[in-house]
1. Have a look at PRO131, THR37, ASN245 and report the one farthest towards the positive end of the charge dipole of region 5-264, computed about the Cα centre with Cβ charges (Lys/Arg +1, Asp/Glu -1).
2. What is the antiparallel percent of DSSP beta bridges lying wholly in region 5-264, to the nearest 5?
3. I'd like the carbon and sulfur percentage of the solvent accessible area for region 5-264, probe radius 1.4 Å, heavy atoms only, ligands and nucleic acids excluded.
4. Given R₀ = 41 Å, FRET efficiency for GLU259-GLU18 by Cβ-Cβ distance, to 0.05?
5. Taking +1 at the Cβ of each Lys and Arg and -1 at the Cβ of each Asp and Glu, which of GLN167, MET263, VAL101 sits farthest along the dipole of region 5-264 towards its positive end, judged by Cα position relative to the Cα centre?
6. Which whole-angstrom value gives the distance between the alpha carbon centres of region 125-166 and region 54-88?
7. Using a Debye calculation, one point per C-alpha and no hydration shell, please list log10 I(q)/I(0) for the chain at q = 0.12, 0.15, 0.17 Å⁻¹ in order.
8. What helices does the chain hold that run 30 Å or longer along their axis, going by alpha-carbon atoms, with a Kyte-Doolittle average of 0.5 or more, using DSSP H for the helix calls?
Amino acid sequence: MILPVLVAILTCSQSSPERVTSARAQAEALFAQENITLVDGMVASDKGVDDLYDSRLGLLRSKRRPTRQEIAVYGTHRMAWTALLASSHDYALVLEDDFRVIDAKTVVDCLNNLADLMGGNRNLVKLFDFPRHDPVGAAIATTVKAIRLVKWARPRAGMVAYFISRQGAERYLTRGKVFRAVDEDIKYYWELGLDVWSVPGNAVVDGSAELGGSLVEQSRLGSKRRSISRSLHGLMLNISRDVMNWRAFERYRARHGYETTYMQSGDPEG
C-alpha cells in the first residue's frame, strides 16, 4: 500500500502549457490524483521576490547574487513546504514541472517504502543530482528495503525531484529570507541541521531541454560576469563550505557508525 504523500508539482505563470501537461500526465500515471497538488508559484516580477531576498546576506554569503527568477523558484519551493505543513501528510514529493521520470519502478518503490526511506530522521531524499567536476566523491552508502541510498560528503545541486519530511520543511522555513538559489543552498545543509540523502542513478531527470529550456538558466545569462574581488570571495566561500561539509559529514559518520566509501560522481556540472 502506498503511504499517503503530498505530491507537489511546482509551476508558475511563465511555464508553457506543455510543461504542465507533461508534469500532470506523469504524476497521474504514478500517484493517486487526490494526493497531487499544483503549486502555482512565484515569478521574477513578483513583489514577493523583493520581500524574500536578503540582499546583505546575499552579498556576504553567496558566490553571486541570485537572479530574481532564482529567488522566485526558491519561493515556490517554500510554498510546497508550507503546503506540506498545512496538510495531513508526513512527507511530500516535490517535483519541478520540467521533471521527467525515467525509472518509474524506483520512484514507486520509494513511495511504497517511504516511512523506512525517511527513517532515522532523514529530512530530504533526492531523486535527482546534477553531476560534479570530481570523478569520485566521498559518501556514506546504505540500503533501505532494497533501495540504495547515498549521503554525499559534498551534496550535489539539483532540486528537480525530492522527498521531504515535515521536519525538513520546518527547518527550511525557519529561515525567513533567502540569499542563495535553492540549488546552491542544499550544499549548505548543515546551516539548518538538515539530513540530506540521494537515491543514486537519477530515477527522475531534468527534462527542460525537451520542454522549451530552463527559465532559470535563461535568467542566469546576464549574471555570469563577476569582478576579480567577487571571484576571490566566491573561492573563499567554497573553501569554507567544503571544510564545514566535511566536518558535518565526519560527525554524522562517526555518530552512526558508518564507513566512508568513494563513489563515481558523474560528469562535470555546469
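1. Checked the options; the winner is ASN245.
2. On the way: 22 of 36 bridges.
The answer is about 60 percent antiparallel.
3. On the way: 6190 of 11760 Å².
Carbon and sulfur together cover 53 percent of it.
4. Working: r = 46 Å, r/R0 = 1.11.
That gives a FRET efficiency of 0.35.
5. MET263
6. That distance is 21 Å.
7. Values returned for q = 0.12, 0.15, 0.17 Å⁻¹ are -0.73, -1.19, -1.57.
8. Working: long enough: 228-256 (42 Å, -0.61).
For the chain, where a helix must reach 30 Å along its axis and average at least 0.5, there are no hits.
The values are calculated or read from the model by the stated rules, or taken from the named source; none is laboratory data. Values in this document were obtained by computation on a predicted structure and should not be read as measured data. Every residue, glycine among them, receives a Cβ derived from its backbone with ideal geometry; neighbour counts consider all protein chains shown. Heads up: the accessible areas ignore ligands, DNA and RNA and are worked out on the full protein's heavy atoms, side chains in. Shrake-Rupley method; radii C 1.70, N 1.55, O 1.52, S 1.80 Å.
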